[in-house]
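Below: one structure, written as structure tokens.
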Amino acid sequence: MIKKRTICVLSSSRADYNHLYLLMKSLKESQIFDFKLLVTGMHLLKKYGDTYSELVKDGFKIDGFIKNSSLNNNHNQILNLMSDQLSNAGKQLDKINPDILVILGDRYDVLPIAIASHIKGIAIAHFHGGEVTHGAIDDAIRHAITKFSDIHFVSNKEFKKRVQQLGENTKNVHNIGSLGVQAIKLTPIISKQEIQEHFDIHGDYILIAIHPETINADNIRMIKSLFDVLSKDISHQIIFTSPNSDPGNEIIIKNIKSFLKDHPKKAKFIVSAGRELFINLMRHCNFIIGNSSSCVIEAPALGIKSILIGDRQSGRPISSSVSQSSFSRKSISSQIKITENLRKTSAKKIHYKGSNTIPKILKILETVPLKEIKLKKFKDI
């Protein structure tokens, strides 16, 4: 009898879970894999909603928790969190003993598990390598995870070329499109009325998805300008989503709470909507403002206009439905006025595309030779 390969997916936050959901579902339902699930990072922090419970609610069994310390969002606390993860990862990986560990993205709270897996000789399959975000520390972390990884699933040709440029073997670099965009296409559509009733939203609304910048950051200026502009916008309800756990997020949360206090009928703060509700919350908004990857990946795929502020996503290909703004009040206000006058329409050119590549991914995970996969050589161009 041929032994099933144990494929373990790591999820650290609602963001990577939105992308990994379809793959996790397919692995769980497959008869040819032994699917395991590890959670860590923001999923396990109460202040971000203990979002691991959403995975359980969706029917997934969590096989291991890589615990980490509470987070006060300064650099030393992040280092402590990463240290906890590195210290705790070994036992969880030993317990699960995966043939392949699946990691997505570029967050500091997945890097320690990539390091631990590499040290233990576990093959790593990495999604969304080869991308560039000049305005965030995630950029270097993404490239580091690429070098620790052995199987690469990228989302377009440009990113495939970059992974190859990092010295990875072409035969192990696969262009499969965006899992997040694939998930959007298969997410059940909830009507605008149902969304409005669920979140107690009255009338049209705009979505704010803002995170701290982490390189050459001027978060105070960004937040002050954005919130000054929003306070003068009386034509929309304003729905804030929670920032991620990067340093500087506390000033964002503080300003959101202050805005809610000053404009209780105008604004709402949703810490974690859950996968299906969040996608439909995006689907029915007038437009999105912020610096989240949602502005450049999910929004264009949904045909939703977005305004991208600052440099956090600088380096990513930008679709035609995305407007770009500096930190200044004038720039943000101007882009809002322009965006309000545009019709809701699909982007003419979308750089993150989704098609049904899950069968291709499963086939690669099933058949890729693992015996000497860690003996990879740097491929010069």
Inside segment 268-335, counting only strands (runs of 3 or more DSSP E) that do not spill past its ends, which hold 1 or more residues that are surrounded by fewer than 20 Cβ atoms within 10 Å (Cβ to Cβ)? 322-325
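Rundown of residues vs (1) in the same structural domain as ASN249 (by TED's automatic domain parsing); (2) closer than 18 Å to LEU44 by Cα; (3) within 16 Å of the chain's Cα centre (by Cα); (4) modelled with pLDDT under 95, yes/no style:
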| residue | (1), (2), (3), (4) |
| --- | --- |
| ASP99 | no, no, no, no |
| ASP109 | no, yes, yes, yes |
| ILE115 | no, no, no, no |
| HIS118 | no, no, no, no |
| ILE122 | no, no, no, no |
| THR133 | no, no, yes, yes |
| ALA136 | no, no, yes, yes |
For SER53, all conditions in the list (1) at pLDDT below 95; (2) polar (S, T, N, Q); (3) surrounded by 22 or more Cβ atoms within 10 Å (Cβ to Cβ) hold save one; what is the number of the exception? (3)
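If we keep just the residues of segment 353-375 that are charged (D, E, K, R) and under 28 Å from the mean Cα position of the chain (by Cα), which is farthest from SER294 (Cα to Cα)? Working first, answer last.
Narrowing segment 353-375 to residues charged (D, E, K, R): 353, 360, 363, 366, 371-372, 374.
Those left that are additionally under 28 Å from the mean Cα position of the chain (by Cα): 353, 360, 363, 366, 374.
Details: LYS353: 13, LYS360: 25, LYS363: 29, GLU366: 31, LYS374: 34 Å.
Across segment 353-375, the extreme among qualifying residues is LYS374.
More than 20 Å from ILE122 (Cα to Cα), out of contact with any strand residue (DSSP E or B) (no Cβ under 6 Å at 6 or more places or on another chain) and at pLDDT 95 or above: does that describe SER13?
Numbers: more than 20 Å from ILE122 (Cα to Cα): yes; out of contact with any strand residue (DSSP E or B) (no Cβ under 6 Å at 6 or more places or on another chain): yes; at pLDDT 95 or above: no.
Criteria not met by SER13.
For ILE350, state whether it is over 27 Å from the mean Cα position of the chain (by Cα), modelled with pLDDT under 90 and either in a helix (DSSP H, G or I) or at negative phi (or both).
Working: over 27 Å from the mean Cα position of the chain (by Cα): no; modelled with pLDDT under 90: yes; either in a helix (DSSP H, G or I) or at negative phi (or both): yes.
So ILE350 fails the test.
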Could you check segment 36-50 and list, in sequence order, the residues that are over 18 Å from LYS91 (Cα atoms) and in contact with a strand residue (DSSP E or B) (Cβ under 9 Å, 6 or more places away or on another chain)? HIS43
Just name the residue that is surrounded by the fewest Cβ atoms within 10 Å (Cβ to Cβ) out of those in segment 236-267 that are touching a residue at least 60 places away in the same chain (Cβ under 8 Å) and polar (S, T, N, Q). ASN249
In segment 214-235, anything surrounded by 14 or more Cβ atoms within 10 Å (Cβ to Cβ) and hydroxyl-bearing (Ser, Thr, Tyr) is listed as THR214, SER225, SER231
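Could you tell me which of the residues HIS202, HIS211 is surrounded by 22 or more Cβ atoms within 10 Å (Cβ to Cβ) and either farther than 20 Å from ASP16 by Cβ or modelled with pLDDT of 85 or more (or both)?
Numbers: HIS202 fails: surrounded by 22 or more Cβ atoms within 10 Å (Cβ to Cβ).
Going through HIS202, HIS211 in turn, just one is surrounded by 22 or more Cβ atoms within 10 Å (Cβ to Cβ) and either farther than 20 Å from ASP16 by Cβ or modelled with pLDDT of 85 or more (or both): HIS211.
Being touching a residue at least 40 places away in the same chain (Cβ under 8 Å), of a type outside the set (A, V, I, L, M, F, W, C) and loosely packed, with under 15 Cβ neighbours inside 10 Å is true for just one of ASN97, ASN76, ASN68. Which residue is that? Can you show your working first?
Working: ASN76 fails: touching a residue at least 40 places away in the same chain (Cβ under 8 Å); ASN68 fails: loosely packed, with under 15 Cβ neighbours inside 10 Å.
It is ASN97.
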For segment 293-324, what are the residues that are among the polar types (S, T, N, Q) and closer than 19 Å to VAL154 by Cα? SER293, SER294, GLN313, SER314, SER319
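The values are calculated or read from the model by the stated rules, or taken from the named source; none is laboratory data. Treat the numbers as computed from the prediction; the structure is a model and nothing was measured. Every residue, glycine among them, receives a Cβ derived from its backbone with ideal geometry; neighbour counts consider all protein chains shown.
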